[in-house]
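Asks: Here's a structure for you.
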Amino acid sequence: MKEKSIYRIKGKVQNYDWGGESYIPNLVSQEIKENETYAEYWLGAHLKAPSSIITANEEISLDKFVENNPIENLGKTVDSNFGKLPYLFKVLDVKKMLSIQVHPSIEAAIIGYEKENELGISLTAKNRNYKDKNHKPELMVALSDFWLLHGFLEASKLIKNLTDTPELNFLLDTFKNEGYLGLYKKVMEYTQNEVNNVLKPLIDRIYPKYLNNEFEKSTPEYWSAKSLVNKDSEDIDRGIFSIYFFNILNVSKGEAVFQDAGVPHAYLQGLNMELMANSDNVLRGGLTSKHIDVEELIKNTKFEETIPEVLNGNKNLANGETVFKTKAKDFELSKIELSKDIINNSTSSSIEILIALEGEATIINNDETLTINKGESVLIKANTNYTVKTSTKVEIYKASVPKIE
């Protein structure tokens, strides 16, 4: 019997405390539980939460599915270059801000992973930085109005923030004399008492104004004050410094932002699709209670100004597909928007995962036909010619691997 090329796939919901209450369960038809938060929906083969492939006889985890026949499933080139599914695909609902984070390069990840193994730090330990030997570039596409921190401000803008904020004026000389590294190192190496002493006057000044709705979301005062909501600790988070140092970026639905290794960033609010290398390596810099390893963070951060690049993708009107190109070799993200008059014809170069966010579609490969509705996902094996069409309208996001030249 001929092997199928198209399968239904079910992801895993992650219930982190920063997530929303309803978007993800409503999307994937999961029961909503009281006092539960739904932060991420994972589609991939990451060992922490592998997706399930639904075959005629059973459900099998995606990592096992790939292992059973890697060349056929991944394609020969992807198997020889990566040896596994190289990406992880997610839906995110960001209600509370996430940690400031930096992702390492592959070279740094290998060194860090082996060093922590030698030190006997468990993979599940809260002070573990490197969970694997991989880098973690990532691309997000906004599904709603979305806010994030992304890289260091241009020097003139950073100087303006420090000048306009009386409580931070004293840092001007540090930045002018020692640059981004000197400035960041200084505040990240403060003791908690020093952080409290510097930031308490700032918080005392801005928090009442925040409660009175006096700040725009584009200001560091808004997000600094918001980070204090429902905090049960007297200690002030050192991540507040970074809100004054980094770009505060607002993107609209359909716009994308790429986070490369070394670029500090933090998701603040909104819904997005996210596609990344298959890794869980994160070095954190505050805004949550998670472990901060200042030495490793500084070692892996790019201390340079970042002029944010918002990607709108390359649109092909003929087949309804918009491709968001990046430098990443591990993944490629695209959006497929079809009406009954537009048909999408594609050939998969490796495993592709498609999720419908709106409407319904039929996916056809020769004698195979599979229909997906809102919130449902399919997996398409490598080297498969297939057609996507709809009798109404559909919005689909697709994860794939770019062709390796």
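Values quoted throughout were computed directly from the atomic coordinates according to the rules given, and no laboratory measurement underlies them. All figures in this text were calculated on a predicted structure; none of them were measured in a lab. Glycine gets a Cβ as well: all are built from the backbone with ideal geometry, and neighbour counts include every protein chain shown.
Asks: With 19 Å as the cut-off, how large is the P(r) tail for the range 86-196, expressed as percent of Cα-Cα pairs?
Replies: 66 percent
Asks: While we're looking at this one, here's another question. Fewest Cβ neighbours within 10 Å first, please rank THR288, THR362, THR219 accordingly.
Replies: Listed from fewest to most nearby Cβ atoms, that is THR362, THR219, THR288.
Asks: How are the alpha carbon pair distances in the range 213-298 distributed across 10 Å bins from zero to the largest one, expressed in percent?
Replies: 13, 43, 37, 8, 0
Asks: Given the pairs LYS33/LYS315; LYS4/LYS96; LYS95/LYS209; LYS126/LYS176; LYS33/LYS185; LYS131/LYS160, which are separated by over 31 angstrom at their Cα positions?
Replies: LYS33/LYS315; LYS4/LYS96; LYS126/LYS176; LYS33/LYS185; LYS131/LYS160
Asks: Along the charge dipole of the chain, Cβ charges K/R +1 and D/E -1, which of PHE170, LEU181, TYR207 sits furthest on the positive end?
Replies: Of the candidates, LEU181 comes out farthest on the positive side.
Asks: I've got another one for you. Rounded to the nearest 20 debye, what is the charge dipole size of the range 336-400 about its Cα centre when +1 sits on each Lys and Arg Cβ and -1 on each Asp and Glu Cβ?
Replies: About 60 debye.
Asks: Next question. Give me the Kirkwood hydrodynamic radius of the range 15-119, using the inverse of the mean 1/r over all pairs of distinct Cα atoms, in Å to one decimal.
Replies: Here the Kirkwood hydrodynamic radius works out to 16.6 Å.
Asks: Mind jotting down a quarter of the surface of the convex hull over the alpha carbons of the range 20-68, in square nanometres, one decimal?
Replies: Averaged projected hull area, Cα only: 4.3 nm².
Asks: Using Cβ counts within 10 Å as a stand-in for footprinting exposure, how do HIS265, HIS135 rank, fewest first?
Replies: Ordered by Cβ neighbours within 10 Å, fewest first: HIS135, HIS265.
Asks: I've got another one for you. Using alpha-carbon pairs under 8 Å, 6+ residues apart, how would you state the relative contact order of the chain in percent?
Replies: Normalised by residue count, the contact order of the chain is 22 percent.
Asks: Nearest 20 debye, what's the magnitude of the dipole of the chain about its Cα centre given +1 on Lys and Arg Cβ and -1 on Asp and Glu Cβ?
Replies: 400 debye
Asks: With 10 angstrom as the radius, rank LEU271, LEU357 by how many other C-beta atoms surround their C-beta, starting from the fewest.
Replies: Lowest count first: LEU357, LEU271.
Asks: Same structure again: Please work out the C-alpha center-to-center distance from the range 135-180 to the range 282-341 and express it in whole Å.
Replies: Comparing the Cα centres of the range 135-180 and the range 282-341, I get a distance of 18 Å.
Asks: How much mean residue ellipticity at 222 nm does the chain get from its helices, if each DSSP H run of length 4 or more adds -39500 (n - 2.57) and you divide by all residues, to the nearest 500 deg cm²/dmol?
Replies: After summing the helix terms and dividing by the residues of the chain, the value is -7500 deg cm²/dmol.
Asks: A further question on this structure: If I compute Rg and Dmax of the Cα atoms in Å from the structure I just sent, which labelled value in (i) 30.2, 113; (ii) 23.3, 80; (iii) 22.3, 74 lines up?
Replies: (iii)
Asks: So what is the diffusion coefficient of the range 146-300 in µm² per second by Stokes-Einstein at 20 °C and 1.002 mPa s, using a Kirkwood Rh over Cα pairs?
Replies: It diffuses with D of about 130 µm²/s by this estimate.
Asks: Further question: Over the Cα atoms of the range 315-405, Rg to Rh with Kirkwood Rh, two decimal places?
Replies: Rounded to two decimals, Rg over Rh is 0.94.
Asks: Shifting gears a bit: Would you mind listing how long the range 185-261 runs along its three principal axes, going by Cα atoms, in whole Å with the largest first?
Replies: So the extents along the principal axes, rounded to whole Å, are 42, 35, 20.
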